[in-house]
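Take a look at the structure below.
The values are calculated or read from the model by the stated rules, or taken from the named source; none is laboratory data. None of these values were measured; they are calculated from a predicted model. For neighbour counting, all protein chains shown are included, and Cβ atoms are generated from backbone atoms with ideal geometry for every residue, glycine included. Heads up: the accessible areas ignore ligands, DNA and RNA and are worked out on the full protein's heavy atoms, side chains in. Shrake-Rupley method; radii C 1.70, N 1.55, O 1.52, S 1.80 Å.
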Amino acid sequence: EKVRYFAGLFYAADQNFDAKGFEAEVMSTMLDLELKARMTLISEVLENYLPRAFRLAAARIHAALPPPLDPSKTDDDFGLFILGALGEFVARNGLNDLPVALPLLREITKRFSMEFALRHFLNAAQDETMAALEDWVQDKHYHVRRLVSEGTRPTLPWGVNTSLKVQESLPFLDVLHADSTRFVTRSVANHLNDISRKNPDLVVKTLLRWHKAKLQTADEL
């Protein structure tokens with residue numbers, strides 16, 4: 001049902017999309033795979049049904065996206081796992097076209113979190129990706145803000161490793177630790193837990209610094 005739904009998104013946006021062929025090709029091998037491998041399979045099959053030129057494929061993906069997740073919620077609104085295949089597609093095909101790929105990840109993460117895909121961009125183009133995250137940390141949509149923390153975690157489960165130093169992501173956490181949504185602050189907590197495994201003193205110093213800043217703000221008010 002989810003594969004048919006996924007194919008239907010593309011068909012609704014472009015009736016030349018071979019939804020039945022896509023569904024049949026995915027289902028021929030998907031049931032024998034685990035969750036992450038299923039995402040990879042779906043993204044690989046999608047390459048056979050979208051244009052080879054990434055910019056054209058990206059436009060098709062953008063047109064096929066379902067409505068964003070409810071921005072009025074603050075937690076427990078993760079989205080559909082099958083949409084994670086879109087991130088796999090972008091990570092494999094868009095690393096050489098950052099001006100298109102990164103904004104597309106920003107849009108997709110409003111439907112399903114893109115932390116796994118983002119880490120490939122951190123490895124391939126760290127400076128450019130970090131510059132984008134500096135903007136995203138203030139984004140109006142909390143799923144985009146969460147991606148900044150979740151995607152830069154030192155030891156993200158299931159995610160590829162990155163060369164990012166823990167100190168490089170702390171400025172993001174300085175902004176996000178007091179976010180208005182629990183979905184974001186839970187990511188910050190998990191991020192700090194990752195750091196604590198190698199540098200517990202840094203976590204304690206960071207928490208004390210945030211606490212001190214909160215007290216100073218209260219005194220000023």
What tally of residues in region 132-178 results from selecting those that are of a type in the set (A, V, I, L, M, F, W, C), in contact (Cβ under 8 Å) with a residue 40 or more places away in the chain and open to solvent by 20 Å² or more (accessible area, probe 1.4 Å)?
3
Any idea how many residues of region 69-107 are closer than 24 Å to residue 130 by Cβ and loosely packed, with under 15 Cβ neighbours inside 10 Å?
3
Restricting to region 108-129, count the residues that are of a type in the set (Ser, Thr, Tyr) and either touching a Lys or Arg at 6+ places or on another chain (Cβ under 6 Å) or in a helix (DSSP H, G or I) (or both).
1
Tell me which of these residue 187 doesn't satisfy, since it passes every other one: (1) part of a helix (DSSP H, G or I); (2) open to solvent by less than 60 Å² (accessible area, probe 1.4 Å); (3) over 18 Å from residue 71 (Cβ atoms).
(3)
Without any contact (Cβ under 8 Å) to a residue 60 or more places away in the chain, of a type outside the set (Gly, Ala, Ser) and within 30 Å of residue 179 (Cβ to Cβ), is that true of residue 78?
yes
Any residue in region 190-204 that's under 14 Å from residue 157 (Cα atoms): show its pairings with residues that are open to solvent by 20 Å² or more (accessible area, probe 1.4 Å) and among the polar types (S, T, N, Q) at Cβ separation under 6 Å, as long as the two are six or more apart or on different chains.
194/155
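For region 130-143, give me each residue that is part of a helix (DSSP H, G or I) and more than 21 Å from residue 39 (Cβ to Cβ).
Passing the criteria: 130, 131, 132, 133, 134, 135, 136, 142.
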Condition set modelled with pLDDT of 95 or more and of a type in the set (D, E, K, R), scope region 70-110, selection farthest from residue 38 (Cα to Cα): answer is 97
